[in-house]
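**Student:** Dropping a structure here in structure tokens format, bear with me for questions.
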Amino acid sequence: MTTGIHYCGQKSPTSLHRCIICGSKSIGINFGVLTCAPCKAFFRRNARRKELLELPCRHRDLSALIVNESEMNERTMRYLQIRRCSSCRLRRCFDVVLDNQSISIYPTAATMAIVLSVSAFLKALPAYHSLPRSIRNYLCKTNIRPLIFPSIHELNQSCFHEAWQTAAYKTTWQLMCGSQLYEFFHQAEILAETKWVTDPIVTRLFVVILFFSTPLHYHDNCATPTKILKKKQPLIQIQNAYATLLWKYLLYRYDMMGAVRIFSNLVNVYIKMQTVGFGIYTQLATQKNLIPTNETLNKLVTLDINASE
């Protein structure tokens, strides 16, 4: 990337609630980062338009926009440029996911972004808030991290990646998995690409169904084995409701044969993903250089649980 808009500076309390792309008020985590609604929509529309990145900025000279230049700080000028130039805006969208300074910490940053995105989506569901705090806590601790893999697949379906981002993505998961486990990770990726339907509604509903499980991963050979939830009925009712919704959507959109094929593929591929995911969990918990990433993810999955009451 030869041209791009970068900024740095100390974060103020208000900046934590602003769109990281253009500086406007954010609406939440979208594609792994805080964004406003316009930037979310812009990226969804233009993420695959590679030609847009090659266009020069049409608004480099902002003097005509500035009444009193002394009152306009450097960051504000850059935000104005991003808002007015589609090329700068799309470039900024890719820059905030990974820049040259973040490559060394990308394994943690990448998985953090995915966990935050998945967590924000699931915690916004009315069904989640209908549950007691103890069950919400349980779901976050046991079921968010196992959903990283299908969420990666969904992002790869919907987002354009430049060559350097693809290379960094591969290097990251090679580090996270180790050489032997990465082969299974890659095989599961290919299986998902060939077997899973490219339909974000199907993928999202399936992720929701998996989230309301008891639990997705079970660990009994560690210092803190996974607890089995005693009061399962509320989760089973919610899971059945979403499973019914997904099935009706599949029947409506793909007819009976298509629905059976798509649902079977969802289950079969996720079983492969789950096996690999368990291996990654073990890798993160046991490899010394990955323990900080593991600890960070454990903290993120329970973020704001107490505040969500």
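The values are calculated or read from the model by the stated rules, or taken from the named source; none is laboratory data. Everything quoted here is computed from the prediction, not taken from an experiment. Here the Cβ positions follow ideal geometry from the backbone for every residue, glycine too, while neighbour counts run over all protein chains shown. What goes into the accessible areas is simple: the full protein's heavy atoms, side chains included, and nothing from ligands, DNA or RNA. Shrake-Rupley method; radii C 1.70, N 1.55, O 1.52, S 1.80 Å.
**Student:** Given (1) modelled with pLDDT under 70; (2) surrounded by 14 or more Cβ atoms within 10 Å (Cβ to Cβ); (3) of a type in the set (Val, Ile, Thr), identify the lone condition not met by Thr35.
**Tutor:** Condition (1) is where Thr35 drops out.
**Student:** Turning to a different aspect of this structure: Does region 206-216 contain any residue that is among the hydrophobic types (A, V, I, L, M, F, W, C), open to solvent by 50 Å² or more (accessible area, probe 1.4 Å) and part of a helix (DSSP H, G or I)? Full working, then the answer.
**Tutor:** Taking region 206-216 and keeping what is among the hydrophobic types (A, V, I, L, M, F, W, C), we get 206-212, 216.
After this cut, where a residue has to be open to solvent by 50 Å² or more (accessible area, probe 1.4 Å) as well, the list is none.
Within region 206-216 (the criterion being among the hydrophobic types (A, V, I, L, M, F, W, C), open to solvent by 50 Å² or more (accessible area, probe 1.4 Å) and part of a helix (DSSP H, G or I)), the answer is no, since none of the residues qualifies.
**Student:** Which residues, counting only those in region 245-262, are within 27 Å of the chain's Cα centre (by Cα) and open to solvent by 70 Å² or more (accessible area, probe 1.4 Å)?
**Tutor:** Those that are within 27 Å of the chain's Cα centre (by Cα) and open to solvent by 70 Å² or more (accessible area, probe 1.4 Å): Leu245, Trp247, Lys248, Arg253, Arg261.
**Student:** On to the next question. If you go through region 130-145, how many residues are open to solvent by 20 Å² or more (accessible area, probe 1.4 Å) and either of a type in the set (Lys, Arg) or within 17 Å of Ala285 (Cα to Cα) (or both)? Let's see the steps before the verdict.
**Tutor:** So the first thing to find is which residues in region 130-145 are open to solvent by 20 Å² or more (accessible area, probe 1.4 Å), and the list is 130, 132-134, 137-138, 141-142, 145.
Still in the list and also either of a type in the set (Lys, Arg) or within 17 Å of Ala285 (Cα to Cα) (or both): 133, 141-142, 145.
Residues that pass the stated criteria total 4.
**Student:** Check region 280-291 and report whether any residue there is free of Cβ contacts under 8 Å to residues at least 40 places away in the same chain and under 29 Å from Leu131 (Cα atoms).
**Tutor:** Within region 280-291, not a single residue is free of Cβ contacts under 8 Å to residues at least 40 places away in the same chain and under 29 Å from Leu131 (Cα atoms).
**Student:** Here's a follow-up. If you take the residues of region 172-205 that are more than 30 Å from Gln239 (Cβ to Cβ) and either of a type in the set (Asp, Glu) or in contact (Cβ under 8 Å) with a residue 60 or more places away in the chain (or both), which of them is most open to solvent (accessible area, probe 1.4 Å)?
**Tutor:** Glu183
**Student:** If you check Ile291 against the conditions, is it open to solvent by 20 Å² or more (accessible area, probe 1.4 Å) and under 17 Å from Ile148 (Cβ atoms)? Don't jump to the end; show me each part of the working.
**Tutor:** Numbers: open to solvent by 20 Å² or more (accessible area, probe 1.4 Å): yes; under 17 Å from Ile148 (Cβ atoms): no.
Judged against the criteria, Ile291 is not a match.
**Student:** Going by the conditions given, is Ser104 assigned to a helix (DSSP H, G or I), modelled with pLDDT under 85, open to solvent by 40 Å² or more (accessible area, probe 1.4 Å) and among the polar types (S, T, N, Q)? Steps first, please.
**Tutor:** Details: assigned to a helix (DSSP H, G or I): yes; modelled with pLDDT under 85: yes; open to solvent by 40 Å² or more (accessible area, probe 1.4 Å): yes; among the polar types (S, T, N, Q): yes.
It is true that Ser104 is assigned to a helix (DSSP H, G or I), modelled with pLDDT under 85, open to solvent by 40 Å² or more (accessible area, probe 1.4 Å) and among the polar types (S, T, N, Q).
**Student:** Right, next: Taking helices (runs of 4 or more DSSP H) that do not extend beyond region 110-192, which have at least 1 residues that are under 18 Å from Tyr270 (Cβ atoms) and at pLDDT 75 or above? Before the answer, list the steps.
**Tutor:** Details: elements: 126-129, 133-143, 148-158, 163-177.
By residue number, 133-143, 148-158, 163-177.
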